Amino acid sequence: MEGIIVKNLIRDFEYYEKEAGMKSSVKNLFHRTKQVRHAVKDISFEINKGEIVGFLGPNGAGKTTTIKMLSGILHPTSGEVYVNGYVPWERKKEFKKQFAYVAGQKSQLWINLPAVDSFELNKSIYELPDAEYRETLGELVELFGVQEFLKVQVRRLSLGERMKMEMIAALLHRPKVILLDEPTIGLDFIAQNNIREFLKDYNRKNGATMLLTSHYLKDIEELCQRTMVISHGDLVYDGTLEHIQDIFSKKRILNIRWNAPVEKEALISLGMVKDWEPMKAAIEIDDTAVAQTIHRLFELFSVGDIGIDAAPLEESIARLYAQGV
């Protein structure tokens, strides 16, 4: 049973409220008000072997909490999870050899040692044969082009170089399931693109199952055929990125260039002015009003050029987030 199966997964966190001041501190010694935060609320989904699935949501939506339960770091309050047939929080040795967890904001490398020393440690932890280790390390180092940085202290590497080393460390044992939590955060455009190309290549060669969270929509667009959206602990969407756009396709953006300057106030009655300069503007309107609005624009102004676009995908996803409120 390869892949990921999640059934009715719930994770609650308990905490205590305390008002500011010494009086409240003394009061809390005898009486505390307990609160419960529902971080993940009864979500279910399946990811097939070899799929790369995007996992989107605003900060605090429950993405990282879900990934930590899939990796076995956190126990759920209730529900079932199977990753390649294993229950993650049982932490069986066979399971730990089959998955990798890469978090862009956390490091698994020893910062005062060269990355190659951490690689040697992982070789021992995962009990990799010498020949297999050398072959895999050679492939990964060549793919990322980091040969010259292997013997440099990790703390002296740039963020992009460090993230490449993090990816190598996570993939030395050739995992079948990879959980990626913001793997390109803080990286420049070139480094982000290198990571994406590598993940696509690794998936193609090894058939690995991947779950990816990212605030960079480009990561999701280039890597994922399927996307799940979580908001306030609820799974509010599971499908393709294209279908998200279809759901919210009732809005159109008119991008207009004028032959003569136009005042912003003159456009307000036509729709929502999303962008304006004297010689160009972008106006959001309902899709049913496109023909009428274009006709009105040519009546009122000297139009040089006009283009029609769907509302940006980021806005559609933001509306999905809002559905969880």
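The values are calculated or read from the model by the stated rules, or taken from the named source; none is laboratory data. Note that the structure is predicted; figures quoted are calculated from it, not measured. Here the Cβ is made from the backbone with ideal geometry for all residues, glycine too, and neighbour counts use every protein chain on show. With ligands, DNA and RNA removed, areas are computed over all heavy atoms of the protein, side chains included. Shrake-Rupley method; radii C 1.70, N 1.55, O 1.52, S 1.80 Å.
Of note:
- Taking trypsin sites (Lys or Arg not before Pro) across the stretch 72-135, the ones in a DSSP loop with at most 13 further Cβ atoms lying within 10 angstrom of their Cβ are R91, K92, K106.
- What the Cα convex hull of the chain gives, in volume per residue, is 215 Å³.
- Residues in the stretch 80-93 carry Karplus couplings, in order, of 10, 9, 10, 10, 6, x, 9, 8, x, 6, 6, 6, 5, 4 Hz; the curve used is 6.51 cos²θ - 1.76 cosθ + 1.60 with θ = phi - 60°, and Gly or Pro positions show x.
- For the stretch 116-176, applying the loop criterion from DSSP together with a ceiling of 16 other beta carbons within 10 Å to the chymotrypsin sites (Phe, Trp or Tyr not before Pro) yields Y126.
- Across all directions, the average flat footprint of the convex hull enclosing the Cα atoms of the stretch 61-133 is 6.4 nm².
- For q = 0.10, 0.16 Å⁻¹, Debye-computed log10 I/I(0) when each Cα of the stretch 69-179 counts as one equal scatterer: -0.32, -0.75
- Largest first, the residues E222, E242, E2 sort by 1.4 Å accessible area into E242, E2, E222.
- Exposure of W110 as accessible area (Å², to 10), given a probe of 1.4 Å and all protein chains: 150 Å²
- Per residue, the chain exposes 53 Å² of accessible surface when a 1.4 Å probe is rolled over the protein heavy atoms with every protein chain present.
- Computed FRET value (nearest 0.05) for R91 with Q225, which takes r as the C-beta separation and R₀ as 25 Å: 0.20
- For H232, the accessible surface of its heavy atoms amounts to roughly 100 Å² (probe 1.4 Å, protein chains only, rounded to the nearest 10).
- If R0 is taken as 41 Å, the Cβ-Cβ distance between E120 and M272 corresponds to a FRET efficiency of 0.10.
- Computed magnitude of the charge dipole of the stretch 170-293 (debye, nearest 20; Cβ of K, R +1, Cβ of D, E -1): 440 debye
- FRET efficiency estimate (nearest 0.05) - Cβ-Cβ, R156 to Q105, R0 30 angstrom: 0.95
- If you look at the Cα atoms of the stretch 20-82, you get an Rg and a Dmax of 17.8, 57 Å.
- Evaluated at q = 0.09, 0.19 Å⁻¹: base-10 log I(q)/I(0), Debye formula over Cα of the stretch 148-301: -0.52, -1.12
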